[in-house]
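Before any comments, here is the structure.
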Amino acid sequence: MKPRVIIGTIAIVIFTSLLMWNFGNSIGSYVGFEDAERYENRVHVIGKWVKDKPHGFDNQRMTFNFHMEDEFGQVRRVSYNKSKPNNFEDAESLVVIGTMRNGVLYSDDMLVKCPSKYNDASNLEMTSAN
Amino acid sequence: MIGIIGSYAVIAAFLASLGAFTLYFLAAQREDPKLEKIAHILFGLKGALIFLASGLLVYLLLTNQFQYFYVYNYTSSDLSIVYLWAAFYSGQEGSFMLWIICGYLVGMGLIKWTGNTYRAPVMFFMTMTQVFLLSMILGVTLFGVHIGASPFRLTAQEFAHLPVFLSNPAYVPVEGSGLNDLLRSPWIIIHPPIIFLGFAMMAIPFSFALASLWKRKYHEWIHPALPWTLGANLCLLVAIFLGSYWAYETLSFGGYWAWDPVENASLVPWILGMAGVHTMLIQKRSKIAHKASIVFAILAYVTIVYQTFLTRSGVLGDSSVHSFVDLGLYNQLLLFIIAVSVSGLFLYLRRMKELPTQNTETPLFSREFFMFSGAMTLLIISLIIIIGTSAPLIGRLFVANPTPPQPQFYNDWTLPFALAIGIFTVLTQYMWWNKYKDTESLAGALLTPTLSASFITVAIVIVANITTILYMVYIFVAIFSIIGNGIIMFRHIRKNPKMIGGSVTHIGFAVLLIGFLGAAFDTPMLDTNTVNYNAAVERGEVMDDDGFPVHQKLEVMKLDINQPRRINNEYKVTFTEADITHDNRPGEQRYRLEFEHLKSGKTFNVNPVIYPMIANSSAGNMSWTVDPEVKMGLFRDIYVYVSNASMVERENSRVENQTSFQAVADALMNGYEQSLNPEINDLVRLKPGATQNLGQYSITFDRFINMAEEDLPENAIVGVKANLEIKNAQTKHTEKVSPLYSIIYKDGSNSVHSPISELETFDFDIMFETIDTATDEAHFRLLGIEESIEDEWIIVAIEKKPLVSIVWLGTFLLMFGFSIAIVRRWEDQRKRAKQSRHYGDE
C-alpha cells in the first residue's frame, strides 16, 4: 500500500466520523408538548392552530401568542417572539421551534406548512354558497 | 374539449419520446444514420406536442376556465395577465412541463451542434430524462396503476366528494382559489424558467459522459460538453442569485440564504458541475482525470434528480418553507432517480477496467494536483450539504423523527473547505499559467499576494475591530485569493483578455467568501428602552402575567408617529408617514421611516410595505404579509420591515365581517379616506347612514328622530335627535347615544339649545351642534376626544446586515467570469468541429 492511500483512508475515516457525530448532534426530533416539557433543549413541535382560543399580538412584550394542538391532541400556549408569520391563518400545520417552560412554548422560529392548497376546498365552498 | 386535446397531446408526446428513446438506442447501437433521423423527427414531434399542451394550458389559465383544477387552484379572475402566465409553472404539473420544454430546446441544440460520434447516444440519454419527466404529467391509469398527475384534470374530479359536485357534476366554480400572494412578484416571471433551463442543461454533461462510456470514446466528449456544463452552471447561478435576492428583498425570509432544502437542490448540482468543469479542464490539458470528469458529470445530474425527489415527493414534509404539494409521484420520482443512477453506475462499472488510468503518480506540487484537490474539496462540500438536506431520511439513524440540522451545521462544515478552495485557486492559477522549476520559485512568486494580503488583513482587523482569530484567518485567505487571482487577471488583460474567465470567477468566489462573513455580524437595531428591557430579561427580572420569568428578548420595537428614537447609538429614526397606497394589491400600505446618522448627520428614508393577503385569508381572519425595504450600502444594508401597525388593526376590524373575497377587496379599496388618521378634529359632519372614523373610534349616524311636541324642552319650537353609535375598534366597546338639537324661542329671539351628552363607556362627550341644510349634514362636536385618540404606531424590525452588497458583487463577478469562459470554450469547440470536418476524421 502506498503511504498516500493509507493517510488518505485514515483522514477520510476521521473526517466522516466527526461529520456524522456533529450531524447527529445538530438534528433534533419532532416531539409532542408532553415530551417537550421533559426536555430542557430546543424542540420542534408539529401541530395545528386552535382558532377558537384567544390569540393575538402582545404589544407590550412584542410576542405573538396563540394556542396550538399537537399531533397527540395536547393544547398549549405558544409565545412567538416575532410577529405573526406569513400564511399563518392558512397553514394546514405549523412547526414551532423553541423551548418549553412552565407549560408555554417559547418559540423563536416557526415553519408554516404552506397552503397545501391541493385539498383545500374552503374557497370553493365559500363561493358556491353565495 | 380543450382539456381532452391537452391530455392527449401529453400522452402523444410521451409516446413520441418513448419512440425516439428506442430509436436513438438502436441508432447508437447500430450506428445507423437513417434510424437516427427518424428519432430526431420523433423528438421534434414530441416538442411540438408539449408546446401544444402548454399552449392549451396557458389558454385555459388566461381565460379563467375554473372547471379545470389547475386553473382553479392557481389563479383567480383578478390576476393580471403576467401572473396568469406565471401560474403556468406555479404548480408541480406546470413546472414539469416547463422543465420538459427546456429539455426539448437544449435537445434541439444538441441535435444541431453535436458531432456524429456522440449525437445518437447523447440524444438517447437526453430522451431518457424526457420520458421520465413526461411520465409525471401523464395522468393515465394502466393496469390499476396511476401514472402521473395531468395538468388538465377537472375540478369536478378532484372534489368529487363535495356536495356541490354530488348534486351537480357539471358545476363550474365561479372563482378560483387564487395564486399564493407570496408568488405575486415580478421575480416569478424570470426565476423558474432559468432554473429549469439550468436543470435541463445539466443533463447534457451527464448524457455526454454516459455516451463516452457507451461508445468507448473517453476523451473527446469533454470538448462539446464543456461549454454546455458552463452554461448549465451559469443558469443555476443566475437562478440561485434571483431566488436569494427575492427571498431577501421581498419575501422577508430574513436573509439571502437559509440552507433550505429547495435552495440546496440547486446549489449542490452547481457545486458538482463546477467540480466537473475543473476535472474536464485537467483532462483537456493533461489527458488525465478521465474517470473524475465522468463521475462528476453523472453526479451533477443525479443530484438534480435526487433533490427533485426530496423536494417533490413529500419526504421533506415539514422541513421546508417552500410549499410542495404531494401529488403521489413518490414511486415515479424514485424510479427516475434509480434509472439515472443505475445507468450511470452500470456503464461506469462496465468500462472501469478500460478507462484510461495514469501510469505515473501526479507530483504533489503540480497544477493538476491542486486543481484536482480543489475539485475533490467541492465534492466534499456537496456531500456535506447532501447529508444535511437528507436529514429526514438519514437522520433516522440517530433519532426517531429527525428534524433538519441547524444552519450552524452547514456553516461550520462547508466554510473551512471553501477557504481551502480559495487557496487552491491561487496555487492552481499560478502554476497553470507559469512554469516553476521548484517549489521555491513558486513560493517566491507567491510572496507578493501573501505580503499584501497580510497587510490588508491587519488593516481590516484594526479598522473593523475584529477579535476572533478564526475570522482573521478567514479574511486573510479571502484577500489572498482575491489578490493572487487578481494578479493573474491583470496579466491576462494585457496579453489576451479572452483568457480572464477563470481568474474573474475565482475572484468572484473569494469576494463571496468575504460577503458571507458579514452574516456573522447581523445585528438587530433597537432603541434604548428595548435594549434595557432585553438586559432586564437577561438578568431574569422581567416577569409575565403568571409570575414566571420572561426569557424571550425583543427583536422588534414600537415607534409612535413623529417621535424620534435613537437606535444602537448610531441612528435617529422617526416614523413619519403611513399611507394606504393600493400600489400592487388592494389595501397595500406603505410607511415612511426617516433615518439620521448621528455622527455625520446624513439622512435617508426607508419605505417598508405591508399588505393583506386576501387570497390566502379566510373570513374574519386577514393575513398580512410584510414586504421589507432594504437601504443598500457598500458595507452594510439596513433592513426594515413593519410587522404590525395601528392602521393594520383598524383595517382588520373594518373587514372582519366581510365573508367573501370580493367584499373584502371592495372594503379595502373603499375605506381609504376613513382609514387614515386625519388631523384630529373634534368636529364630525355626517349625513344620515354615514360613518366616520377618528383614530380607533368610528362614529355612525343612523338617522334623525323628529321629536313629538310633548318631549320638547321648554320653550322649544323645534327639536330633533340624532341616533348615533360610537365604537372603539380596538376594545370593541360600543355605545349608543341620541344627542338633542333644538331651537328655543325666548324673549323674542331664537337661540340654539343643544345640551352636552355624557358618554358612559368613553372618556369624551358629544354635542349635536347644528344642521347644515345645504348639504343635509349634521355636525357633531366630540368634546375631549383628542386625549383619547391613540397615536399612530408601528411595530418595526430594523436590522443591520453587513456586506450583503459584497455577496451580490461576488455573484456578479462569477456570472461575468462564467460568461467569458462559455464564449471562449464555445469558440474553441466550433473551431475544433470545423477542423475535424476538414480532415474528415470525425
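The values are calculated or read from the model by the stated rules, or taken from the named source; none is laboratory data. Everything numeric in this text was worked out from a predicted model, so none of it was measured. Neighbour counts are summed over all protein chains in view; Cβ atoms, including those assigned to glycine, are modelled from backbone coordinates with ideal geometry.
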- Note on the structure: For the range B:445-468, pairs from a residue that is surrounded by 11 or more Cβ atoms within 10 Å (Cβ to Cβ) to a residue that is of a type in the set (Lys, Arg), with Cβ under 7 Å and 6 or more apart or across chains, are none
- Message: Among the listed residues B:Gly501, B:Gly422, B:Gly484, B:Gly515, identify the single one that is touching a residue at least 12 places away in the same chain (Cβ under 8 Å), surrounded by 13 or more Cβ atoms within 10 Å (Cβ to Cβ) and within 25 Å of B:Glu827 (Cα to Cα).
- Response: B:Gly501
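Quick grid of which residues meet (1) modelled with pLDDT under 75; (2) within 30 Å of B:Gly176 (Cβ to Cβ):
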site: B:Glu651; (1), (2): no, yes
site: B:Gln658; (1), (2): yes, yes
site: B:Phe661; (1), (2): yes, yes
site: B:Thr691; (1), (2): no, no
site: B:Phe701; (1), (2): no, no
- Message: I'd like to know if the range B:221-238 contains one or more residues that are touching an Asp or Glu at 6+ places or on another chain (Cβ under 6 Å) and polar (S, T, N, Q).
- Response: no
- Tally time: how many residues in the range B:387-410 are more than 8 Å from chain A (Cβ to nearest Cβ) and touching a residue at least 60 places away in the same chain (Cβ under 8 Å)? 6
- Looking only at the range A:21-40, which residues are part of a helix (DSSP H, G or I) and either facing another protein chain (nearest Cβ under 8 Å) or in contact (Cβ under 8 Å) with a residue 12 or more places away in the chain (or both)? A:Asn22, A:Phe23, A:Gly24, A:Ser26, A:Phe33, A:Glu34, A:Ala36, A:Glu37
- Wholly inside the range A:41-117, strands (runs of 3 or more DSSP E) that include 1 or more residues that are more than 10 Å from every other protein chain (Cβ to nearest Cβ) and crowded, with 19+ Cβ neighbours inside 10 Å are A:43-49, A:63-70, A:75-80, A:93-101, A:104-113
- Query: B:Asn529 versus (1) within 14 Å of chain A (Cβ to nearest Cβ); (2) touching a residue at least 12 places away in the same chain (Cβ under 8 Å); (3) surrounded by 14 or more Cβ atoms within 10 Å (Cβ to Cβ): which is the lone unmet condition?
  - Reply: (3)
- Residues being in contact with an Asp or Glu (Cβ under 8 Å, 6 or more places away or on another chain), in contact (Cβ under 8 Å) with a residue 60 or more places away in the chain and within 12 Å of chain A (Cβ to nearest Cβ): count how many of those fall in the range B:142-177. 2
- Message: Looking at the structure I just gave you, is B:Gln730 assigned by TED's automatic domain parsing to the domain that holds B:Pro713, at pLDDT below 85, farther than 30 Å from B:Ile475 by Cβ and within 50 Å of the chain's Cα centre (by Cα)?
- Response: yes
- Just a yes or no: is a residue in the range B:488-498 at pLDDT below 95 and either on the phi > 0 side of the Ramachandran plot or outside any helix (DSSP H, G or I) (or both)? yes
- Among the candidates B:Ile743, B:Ile766, B:Ile705, B:Ile699, single out the residue that is in a strand (DSSP E or B), in contact (Cβ under 8 Å) with a residue 12 or more places away in the chain and either under 48 Å from the mean Cα position of the chain (by Cα) or at positive phi (or both). B:Ile699
- Please work out if B:Pro416 is closer than 28 Å to B:Phe369 by Cβ and either within 14 Å of chain A (Cβ to nearest Cβ) or not in a helix (DSSP H, G or I) (or both). yes
- Message: Yes or no: the range B:35-46 includes at least one residue that is over 30 Å from B:Gly176 (Cα atoms) and either under 28 Å from the mean Cα position of the chain (by Cα) or among the basic types (Lys, Arg) (or both).
- Response: yes
